[in-house]
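Inspection log for the structure reproduced underneath, given as structure tokens.
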Amino acid sequence: MLNSKIKELKQLLLTEAGWVEKMISLALDGLYSHNNDLLNIVIGYEDKVNQMDLEIENKCISAIALYQPEAKDLRKIVMILKINNDLERLGDRAVNIAESAMHLMGKPVVSQVSELAQMRDSAFAMLKASLDAFATENAEACSAICEADNRVDELNRAVYHRLVDLIKQDTPLTESCLHLLRVARNLERIADLSTNVAENTVYLAVGKVIKHQQGEEDNPE
């Protein structure tokens, strides 16, 4: 009974992960294509992800209370709870990017920050890799994901300094730069949360704790 319940929880989590991946993909596509329809879809998906987050959390708590799991089974349920929380936060980041992209509609385009596109590609690749690793419980794949987070942090610092330099020049690009700073911050958090998923996948799969490398309040300055 408990094994089937854990399989059910994991399947629900994978479904939620699919929604979140779609949200982030659409948000990034909408940002770079200036497609308001895609951005509105992202906003519309938020309620679905929030509902799934609550459903999974409640089912995990019920499973713990009903079955009183121990050792590996308890570890799996707790990690599903933690990854569920990370997925909900990833959905929030997708919404933040979509909202920033909406504010950028009709504003002057900032073309001097090539690192932002690199951040986009790296962060999304980390997200996909971490979700794939969770789906297959592939602990070995997670080390590369954690290492990639350092590269995204470097890109974030470069983007931050380029945008701040443009803001200091007080050009018509100032407002656009402010919104892009928010986009960069959310991309950096997507990378961090993807790292969380990878770390929790390692613990779920093999019981090994990997130290978290960066907290939510870290700063690029």
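The values are calculated or read from the model by the stated rules, or taken from the named source; none is laboratory data. Given the structure is predicted, the values throughout are model-derived calculations rather than measurements. So basically every Cβ, Gly included, is an ideal-geometry build from the backbone, and we count neighbours across all protein chains shown.
General observations
- The lone criterion from (1) touching a residue at least 12 places away in the same chain (Cβ under 8 Å); (2) surrounded by fewer than 18 Cβ atoms within 10 Å (Cβ to Cβ); (3) over 18 Å from the mean Cα position of the chain (by Cα) left unmet by Ser25 is number (3).
- Subset of region 1-53 (residues that are closer than 23 Å to Ala133 by Cβ and of a type in the set (D, E, K, R)): Lys5, Lys7, Glu8, Lys10, Glu16, Glu21, Lys22, Asp53
- Residue within region 85-92 that is within 26 Å of Val49 (Cα to Cα), touching a residue at least 12 places away in the same chain (Cβ under 8 Å) and among the aliphatic types (A, V, I, L, M) present: yes
- Which numbered condition Asp53 misses (of (1) in contact with a helix residue (DSSP H, G or I) (Cβ under 6 Å, 6 or more places away or on another chain); (2) modelled with pLDDT under 95; (3) of a type outside the set (A, V, I, L, M)): (2)
- Any hit, region 166-176, residues being over 30 Å from Gly106 (Cβ atoms) and modelled with pLDDT of 95 or more: no
Yes/no per residue for (1) within 20 Å of Ala27 (Cα to Cα); (2) among the hydroxyl-bearing types (Ser, Thr, Tyr):
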| site | (1), (2) |
| --- | --- |
| Met126 | yes, no |
| Ser143 | no, yes |
| Arg151 | no, no |
| Pro172 | no, no |
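- In region 172-198, the residues that are under 17 Å from Ala117 (Cβ atoms) and free of Cβ contacts under 8 Å to residues at least 24 places away in the same chain reach residues that are surrounded by 19 or more Cβ atoms within 10 Å (Cβ to Cβ) and of a type in the set (Val, Ile, Thr) with C-beta atoms within less than 9 angstrom, at least six apart or across chains, in these pairs: Leu181/Val159.
- Filtering region 103-120 to residues that are in a helix (DSSP H, G or I) and either of a type in the set (A, V, I, L, M) or surrounded by 13 or more Cβ atoms within 10 Å (Cβ to Cβ) (or both) leaves His103, Leu104, Glu115, Leu116, Ala117, Gln118, Met119, Arg120.
- Region 106-158 - residue that is of a type in the set (Lys, Arg) and under 14 Å from the mean Cα position of the chain (by Cα) and, of those, farthest from Leu90 (Cα to Cα): Arg120
- Single match in Val152, Val164 (criterion: closer than 23 Å to Arg189 by Cβ and buried (at least 18 other Cβ atoms within 10 Å of the Cβ)): Val152
Listed here are the residues, each with its yes/no results for (1) under 13 Å from Ile97 (Cα atoms); (2) of a type in the set (Gly, Ala, Ser); (3) crowded, with 21+ Cβ neighbours inside 10 Å.
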| residue | (1), (2), (3) |
| --- | --- |
| Thr15 | no, no, no |
| Asp29 | yes, no, no |
| Asn40 | yes, no, no |
| Gly44 | no, yes, no |
| Leu54 | no, no, no |
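- Boolean, Asn3 is under 15 Å from Glu88 (Cα atoms), in a helix (DSSP H, G or I) and polar (S, T, N, Q): no
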